[in-house]
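Worksheet: the structure to be examined is printed underneath.
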Amino acid sequence: MDLVDTVIEDTRWEAFGLAPLAERGGRAVLSGLGLPVAGFQISLMGCDDARIAVLNADFRGKPQPTNVLSWPSEERAAEVAGDDPERPEPGAPDDPESLGDIAIAWETCAREAEEQGKPMADHVTHLIVHGVLHLLGYDHVAEEDAAVMEGLEVRILASLGLSDPY
């Protein structure tokens, strides 16, 4: 069973190969945190800027496109800034625990990759890793939490052969 259930709303993501990239990124996050892949499930929607702008307005009160959004299935944030969140318990392989949902927008990702001079696959992998970490309770609002989350991103991306995005 796949870790990531990918739903394609914008066909450019299909041609791009979002599903295998998401699977690779999601597995790297769980592995990097010492969590088993079996027993967890993530839903990912590959959409366009128009769709993510609506979602961003509805859920964050920001009516503009963004690169990635995450909705954890439950609150997992650490109680103390700079601490690691509590690890979720895996479900059974045939009844995996949902970690939550992620949406990623084509135009914003493509524009950011071009502006940063990065291959789109590298940028999207970073955003998937970022989104999965959010599902696991990591955040970057407080400075201490941002340092923890960014450190994990750099380490996980390095395990995939990708350079430091910061």
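The values are calculated or read from the model by the stated rules, or taken from the named source; none is laboratory data. None of the values given here were measured: they were computed from a predicted structure. Glycine also receives a Cβ, built like all others from the backbone with ideal geometry; neighbour counts cover every protein chain displayed.
Of all residues in the range 129-147, those being crowded, with 21+ Cβ neighbours inside 10 Å, among the hydrophobic types (A, V, I, L, M, F, W, C) and either at pLDDT below 95 or out of contact with any strand residue (DSSP E or B) (no Cβ under 7 Å at 6 or more places or on another chain) (or both) number 2. L136 - would you say it is within 13 Å of the chain's Cα centre (by Cα) and aliphatic (A, V, I, L, M)? Yes; evaluated as a whole, the condition is true for this residue.
Candidates in the range 69-93 are the residues that are modelled with pLDDT of 95 or more and outside any loop (DSSP other than H, G, I, E, B); of these, the one that is surrounded by the fewest Cβ atoms within 10 Å (Cβ to Cβ) is W71. The criterion of being of a type outside the set (S, T, N, Q), crowded, with 20+ Cβ neighbours inside 10 Å, over 18 Å from E23 (Cβ atoms) and touching a helix residue (DSSP H, G or I) at 6+ places or on another chain (Cβ under 7 Å) holds for A105.
Among the residues that make up the range 92-104, is at least one of them in contact with a Leu (Cβ under 6 Å, 6 or more places away or on another chain) and small (G, A, S)? For the range 92-104, residues in contact with a Leu (Cβ under 6 Å, 6 or more places away or on another chain) and small (G, A, S): present. Being touching a Ser or Thr at 6+ places or on another chain (Cβ under 9 Å), surrounded by 14 or more Cβ atoms within 10 Å (Cβ to Cβ) and not in a loop (DSSP other than H, G, I, E, B) is a description that does not apply to A110.
Can you tell me how many residues within the range 2-23 are surrounded by fewer than 18 Cβ atoms within 10 Å (Cβ to Cβ) and assigned to a helix (DSSP H, G or I)? Looking only at that region, the number is 5.
Quick one: in the range 78-102, of everything that is hydrophobic (A, V, I, L, M, F, W, C) and within 21 Å of A22 (Cβ to Cβ), which residue is farthest from the chain's Cα centre (by Cα)? Steps first, please.
From the range 78-102, those hydrophobic (A, V, I, L, M, F, W, C) are 78, 80-81, 92, 99, 102; that's our starting set.
Going one step further and asking which of them are within 21 Å of A22 (Cβ to Cβ), we end up with 99, 102.
On the way: L99: 11, I102: 6 Å.
The qualifying residue farthest from the chain's Cα centre (by Cα) is L99.
Here is a list: V148, V129. Which entry is within 18 Å of F40 (Cβ to Cβ) and touching a residue at least 12 places away in the same chain (Cβ under 8 Å)?
Details: V148 fails: within 18 Å of F40 (Cβ to Cβ).
From the options V148, V129, the qualifying one is V129.
Number of residues in the range 36-65 that are surrounded by fewer than 17 Cβ atoms within 10 Å (Cβ to Cβ) and under 21 Å from M149 (Cβ atoms): the value is 3.
Just one of the numbered conditions (1) at pLDDT below 95; (2) within 12 Å of the chain's Cα centre (by Cα) is not true of P165: (2). Comparison of E107, E97, E114, E153 shows that the only residue that is under 24 Å from D5 (Cβ atoms) and free of Cβ contacts under 8 Å to residues at least 40 places away in the same chain is E153. Taking the criterion of being over 14 Å from A121 (Cα atoms) and polar (S, T, N, Q), the only residue of the range 151-166 that qualifies is S159.
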